[in-house]
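Enquirer: The structure follows.
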Amino acid sequence: MDLNLKPAETFRGNFSAQNSEAAIRRFPFPFPDDLYMYSVNMEPHERGGPTAAYDAIFDLDEHYLGECADRAQVLADDPKRCQVMPHLIDAEWDTLELLMESLATDYPAQFTLTRNGDAWHWINRPLALDQRFTFGDAASLPCPPFEYITRQVQGDFTLQDQRDNDLFIEGGMVTSQADWSLNFDAGMSFRQWHGPVPLAHEAGVFDRALAYLLRLQLGKPVRRLNWTLTVNPRLDTSPENYPKWGPDRTTVTPENVGHKLCLRVELQTLTRLPRSNGILFGIRCYLIRLEELVRVEKWARRLHRVLRDLHPDLAAYKGMPRYRPIIVDYLAAFDDGAPTSPGTGPD
Amino acid sequence: MNKSRPIYAPFQFDPSGARHLLVTDQPDPPADLNTNVQTLTARTHTADAILAFLPPHLATQTTGLRLYAIGSEAFVWDVNAIALAAGMGAGEVHLTRAGPLIRRVYCTHCQTMADDVATTITQCPGCGATLEVRDHFSRHHRAFMGVQVDAEAPGEIPAPEGFRS
């Protein structure tokens, strides 16, 4: 698979991150209709979809180096962003195997995995890593296996243990999240960690989603999309660092909204793990500035209609109250009222 | 509706137990208590003393014990954590919330815990941030989530209110 990596851009400070024309065309636009409401929008996660972002099991893109560097910085400042409870050690190795196998298959020019029994050899060329280790022996790696591999992949990951007909979030690498805290939520059940989400409990969304996930089968991963808005292409919008990014929300003006405001989309994947019977939840975050997104006319029209008509409780949950009219006014200029084509892909 | 918030049953004697221990950070146990129930109350012991007594005591117990905790949310979940660590199962421990509506709050920014918080807006004793107490409860931390309320616009702070539940 083609993978052209840019030199590391920044997702903080001067926010140098931008999307190339190719990155815009592959963006996983999340709205299949002009009106948005919650649903259990899960589908099989197989290679291939509306854009190239769906072509790999774990998608990498031009931002790989910058995102890995941003993750390393978050971890240096706050090591608790990666934590796994000790009983999930099998799930750690499951994750390492799954990610290494997937990357080596989808991106053979960048990654190579050689297995000889328990003697494994991993090569990550973009990060210049060449690691021989013993599968199952954590001491043979420079850090625990889950941390080791998730430092080398774009997107957050959490580990769910399954027991008592429920899922418990008991591990994760969470450095690019949309305002939730792994350290606070660690140990919670499925309904508990979704507690703050408005409207969806009443709609039965979480009951249906949990029932579905408890039956998730080995070798049949599923995916869904989620979205929010973020001011500046900032990966780390954690509650821990809210004092750092919260003030950005007061800086949006009609003049800068196209450049500053980003649609943030999570391509979420759920995979049953073979040894632990746990579930790996991948949360791959994509950021696109509005001025980039409006280059796809269909997306500009549809995003305008979605945000204009969004339920106020949802708009509040997604942090929009301060600048919602500015965004809607900006996008209105790109909406001529023409119908939009079915599906999420660009025309 | 918030699904991380526990729902507590009113106190009820559990006849499936062979022995019964009730601990509370309130002055009095429930009225008309079954005489088989041993009690430790705030009239004779501080909450800290009760929490210190439990681990060695539970280590001497065999199955058949029923443990009842009545009091503030922080207290009953502290008791629950001790009971689980002692090997007791979910059906052997009964939690009931009672007393003033106060909360233990975890500061998301500096991870300091503040006990006995009575209002929706409170100052973190660790980092000094003015926190909004979100209605999001962790049984693991035995605390509610506190997040700086005026991070977007410093000084923009809503009036504190008492908790409704």
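The values are calculated or read from the model by the stated rules, or taken from the named source; none is laboratory data. Here the structure is a predicted model, which means the values were calculated and not measured. Cβ sites come from the backbone with ideal geometry, for glycine too, and all protein chains shown count toward neighbours. To get the accessible areas, we keep the full protein, side chains included, count just its heavy atoms, and leave off ligands, DNA and RNA. Shrake-Rupley method; radii C 1.70, N 1.55, O 1.52, S 1.80 Å.
Enquirer: Among the residues of segment B:124-147, write down those that are more than 10 Å from chain A (Cβ to nearest Cβ) and closer than 20 Å to B:Ile7 by Cα. Lay out the reasoning, then the answer.
Expert: As a first pass, look at segment B:124-147 and keep what is more than 10 Å from chain A (Cβ to nearest Cβ): B:124-126, B:128, B:130-133, B:142.
Within segment B:124-147, B:Val133, B:Arg142 meet the criteria.
Enquirer: Restricting to strands (runs of 3 or more DSSP E) lying wholly in segment B:88-165: which have 3 or more residues that are surrounded by 18 or more Cβ atoms within 10 Å (Cβ to Cβ)? Full working, then the answer.
Expert: Values: elements: B:93-97, B:103-107, B:113-117, B:121-123, B:130-138, B:143-148.
The qualifying strands (runs of 3 or more DSSP E) are B:93-97, B:103-107, B:130-138, B:143-148.
Enquirer: Can you name every residue in segment A:272-286 that is assigned to a strand (DSSP E or B) and open to solvent by less than 20 Å² (accessible area, probe 1.4 Å)?
Expert: Step one: filter segment A:272-286 for residues assigned to a strand (DSSP E or B), giving A:272, A:279-286.
Matches in segment A:272-286: A:Arg272, A:Ile279, A:Leu280, A:Gly282, A:Ile283, A:Arg284, A:Cys285, A:Tyr286.
Enquirer: I'd like the residue in segment B:1-23 that is in contact with a Phe, Trp or Tyr (Cβ under 8 Å, 6 or more places away or on another chain) and outside any loop (DSSP other than H, G, I, E, B) and, out of all such residues, is nearest to the other protein chains (Cβ to nearest Cβ).
Expert: Among them, the one singled out is B:Val23.
Enquirer: Under 6 Å by Cβ, and 6 or more places apart or on different chains, what pairs join a residue from segment A:233-261 that is under 25 Å from A:Arg81 (Cβ atoms) with one that is open to solvent by 40 Å² or more (accessible area, probe 1.4 Å) and modelled with pLDDT under 95?
Expert: What qualifies is A:Thr237/A:Asp179; A:Pro239/A:Asp179; A:Arg249/A:Arg322.
Enquirer: With A:Pro142, A:Pro108, A:Pro126 as the choices, which residue is open to solvent by less than 60 Å² (accessible area, probe 1.4 Å), in a loop (DSSP other than H, G, I, E, B) and not aromatic (Phe, Trp, Tyr)? Full working, then the answer.
Expert: Working: A:Pro142 fails: open to solvent by less than 60 Å² (accessible area, probe 1.4 Å); A:Pro108 fails: open to solvent by less than 60 Å² (accessible area, probe 1.4 Å).
One residue alone meets the criteria, A:Pro126.
Enquirer: Moving on to the next point. When you check B:Cys110 against the structure, is it farther than 29 Å from A:Phe168 by Cα and of a type outside the set (Gly, Ala, Ser), yes or no? Quick ask: steps written out before the conclusion?
Expert: Working: farther than 29 Å from A:Phe168 by Cα: no; of a type outside the set (Gly, Ala, Ser): yes.
In short, no.
Enquirer: Could you say whether any residue in segment B:51-69 is buried (at least 16 other Cβ atoms within 10 Å of the Cβ) and more than 21 Å from B:Gly87 (Cα to Cα)?
Expert: Among the residues of segment B:51-69, not one is buried (at least 16 other Cβ atoms within 10 Å of the Cβ) and more than 21 Å from B:Gly87 (Cα to Cα), which makes the answer no.
Enquirer: Another question about this same structure. For segment A:68-105, enumerate the residues that are among the small types (Gly, Ala, Ser), open to solvent by 20 Å² or more (accessible area, probe 1.4 Å) and over 20 Å from B:Thr108 (Cβ atoms). I'd like the intermediate steps shown before the answer.
Expert: Step one: filter segment A:68-105 for residues among the small types (Gly, Ala, Ser), giving A:69, A:72, A:76, A:91, A:102, A:104.
Keeping just the survivors that are open to solvent by 20 Å² or more (accessible area, probe 1.4 Å) gives A:69, A:72, A:76, A:104.
A:Ala69, A:Ala72, A:Ala104, listed by residue number.
Enquirer: Can you pull out the residues in segment B:1-33 that are over 17 Å from B:Val93 (Cα atoms) and open to solvent by 50 Å² or more (accessible area, probe 1.4 Å)?
Expert: Once the filter is applied, which keeps residues that are over 17 Å from B:Val93 (Cα atoms) and open to solvent by 50 Å² or more (accessible area, probe 1.4 Å), segment B:1-33 yields B:Met1, B:Lys3, B:Pro27, B:Asp28, B:Ala31, B:Asp32.
Enquirer: Can you name the number of the only condition in (1) of a type in the set (A, V, I, L, M); (2) open to solvent by 30 Å² or more (accessible area, probe 1.4 Å); (3) at pLDDT 95 or above that A:Leu303 fails?
Expert: With respect to (1) of a type in the set (A, V, I, L, M); (2) open to solvent by 30 Å² or more (accessible area, probe 1.4 Å); (3) at pLDDT 95 or above, A:Leu303 is out only on (2).
Enquirer: What helices (runs of 4 or more DSSP H) lie completely within segment A:180-256 and have 1 or more residues being open to solvent by 40 Å² or more (accessible area, probe 1.4 Å) and within 13 Å of chain B (Cβ to nearest Cβ)?
Expert: Details: elements: A:182-185, A:190-193, A:205-214, A:242-245.
Passing ranges, in order: A:190-193, A:205-214, A:242-245.
Enquirer: Among the listed residues B:Thr63, B:Thr96, identify the single one that is closer than 29 Å to A:Ser181 by Cβ and of a type in the set (S, T, N, Q).
Expert: Values: B:Thr63 fails: closer than 29 Å to A:Ser181 by Cβ.
Just one listed residue meets the conditions, B:Thr96.
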